[in-house]
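The block underneath contains the structure these notes are about, expressed in structure tokens.
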Amino acid sequence: QVQLVETGGGLVQAGGSLRLSCVASGSIFSITSMGWYRQAPGKQRELVAVITSAGSTNYADSVKGRFTISRDNAKNTVYLQMNSLKPEDTAVFYCHAGVVVGGTNRYLEVWGQGTLVTVSS
């Protein structure tokens, strides 16, 4: 019913930048928070950044000052601008959204399929 599709991952050298995008589609009445999580090899998935519908943001300490999350509510899209990338940022990045399904009062936690970010040293 609701899908998230991420784009923008890839290979970048340390110190470089990437911008991730995530578009939500389907039967959407409203979206509460949208965010990005990541999972590095052998590690648990962790929160990177989250943004509410009102624009309030929260970041993991490890990315503060380097990453910026933003969203376009009209386009049901969330972005993650990643600057000054480090090899330890290498991970699969997942988009997440809290969605109220159109025509219902059902609330879903929806995940994207993930996009790989590789930072070379």
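The values are calculated or read from the model by the stated rules, or taken from the named source; none is laboratory data. Bear in mind that the values here come from a model prediction, so they are computed numbers and not experimental data. Every residue, glycine among them, receives a Cβ derived from its backbone with ideal geometry; neighbour counts consider all protein chains shown. Note: areas computed on protein heavy atoms with side chains; ligands, DNA, RNA excluded. Shrake-Rupley method; radii C 1.70, N 1.55, O 1.52, S 1.80 Å.
A few comments on the model shown:
- Answer from VAL50, VAL23 - the residue that is aliphatic (A, V, I, L, M) and open to solvent by 60 Å² or more (accessible area, probe 1.4 Å): VAL23
- Residue that is under 21 Å from VAL5 (Cα atoms) and at pLDDT 95 or above, where the choices are VAL78, VAL119: VAL78
- Cβ-Cβ distances below 6 Å connect the following pairs, each with a first residue in the range 37-48 that is in contact (Cβ under 8 Å) with a residue 40 or more places away in the chain, a second residue that is outside any strand (DSSP E or B) and open to solvent by 80 Å² or more (accessible area, probe 1.4 Å), and a separation of six or more residues or different chains: TYR37/ARG45; GLN39/ARG45.
- Among the residues making up the range 101-121, those that are open to solvent by less than 30 Å² (accessible area, probe 1.4 Å) and either β-branched (Val, Ile, Thr) or under 15 Å from the mean Cα position of the chain (by Cα) (or both) are VAL101, VAL110, GLY112, GLY114, THR115, VAL117, VAL119.
- Identity of the residue in the range 16-56, of a type in the set (Ser, Thr, Tyr) and touching a Leu at 6+ places or on another chain (Cβ under 9 Å), that ends up nearest to GLU6 (Cα to Cα): SER21
- In the range 26-47, the residues that are surrounded by 14 or more Cβ atoms within 10 Å (Cβ to Cβ), under 17 Å from ARG71 (Cα atoms) and of a type in the set (Gly, Ala, Ser): SER33, GLY35
- Number of the condition not met by SER121 [criteria: (1) within 16 Å of GLY9 (Cβ to Cβ); (2) out of contact with any Ser or Thr (no Cβ under 9 Å at 6 or more places or on another chain); (3) of a type in the set (Ser, Thr, Tyr)]: (1)
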